[in-house]
Amino acid sequence: MSTARGCGFATLGIVMTMLGLAYDPVTALKLGGGAYLLTALILILKAWRAPGQPFRKTEVWMILDEKQRPHGDIAQWAIAKARAEAFYHFAYLSTSAAMLLLSLALLWRLVGLA
């Protein structure tokens, strides 16, 4: 949930920047594709670092109710694994969006609309 919220804010920023460049669609599409690739890179780096972060300092731990929290031995493994999977999932979605936007920019340029 926390990763989805963060990626939602990133998407909002990317889309608003693209709308600001609506007068030049190819540039807007390229910028959006590049921004999504950067987002994916950041998410992959966060996934690599997830196992080393103390579980008690993660937002996931803070969101869980006292009754839902796993025992400390299991919590580090479970929370790190869940966070890494979420980061990789959203990195995949971000990369897919980047491929779509960059393909549209290329197609736009090839068709000669720009």
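Some observations on this one:
- Condition met for Ala22 (within 20 Å of the chain's Cα centre (by Cα) and free of Cβ contacts under 8 Å to residues at least 60 places away in the same chain): no
So that you can scan it fast, the table gives a plain yes or no per residue for (1) of a type outside the set (Val, Ile, Thr); (2) within 22 Å of Leu43 (Cβ to Cβ); (3) over 24 Å from the mean Cα position of the chain (by Cα); (4) open to solvent by 90 Å² or more (accessible area, probe 1.4 Å):
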{"site": "His71", "(1), (2), (3), (4)": "yes, no, yes, yes"}
{"site": "Ile79", "(1), (2), (3), (4)": "no, yes, no, no"}
{"site": "Tyr92", "(1), (2), (3), (4)": "yes, yes, no, yes"}
{"site": "Leu100", "(1), (2), (3), (4)": "yes, yes, no, yes"}
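- For beta carbons closer than 6 Å, sequence separation of 6+ or different chains, a first residue in the stretch 29-46 that is farther than 15 Å from Leu19 by Cα and a second that is of a type in the set (Val, Ile, Thr), the qualifying pairs are Ala40/Thr95.
- Candidates Thr3, Thr17: the one that is polar (S, T, N, Q) and open to solvent by 50 Å² or more (accessible area, probe 1.4 Å) is Thr17.
- Taking the stretch 21-66 as the range and being open to solvent by 70 Å² or more (accessible area, probe 1.4 Å), under 19 Å from Leu107 (Cα atoms) and either aromatic (Phe, Trp, Tyr) or assigned to a loop (DSSP other than H, G, I, E, B) (or both) as the test, only Tyr23 passes.
- Residues of the stretch 22-46 that are aliphatic (A, V, I, L, M) and modelled with pLDDT of 95 or more: Ala28, Leu29, Leu31, Ala35, Leu37, Leu38, Ala40, Leu41, Ile42, Leu43, Ile44, Leu45.
The values are calculated or read from the model by the stated rules, or taken from the named source; none is laboratory data. All values derive from a computational prediction rather than experimental measurement. Cβ: placed from backbone, ideal geometry, glycine included. Neighbour counts: every protein chain shown. With ligands, DNA and RNA removed, areas are computed over all heavy atoms of the protein, side chains included. Shrake-Rupley method; radii C 1.70, N 1.55, O 1.52, S 1.80 Å.
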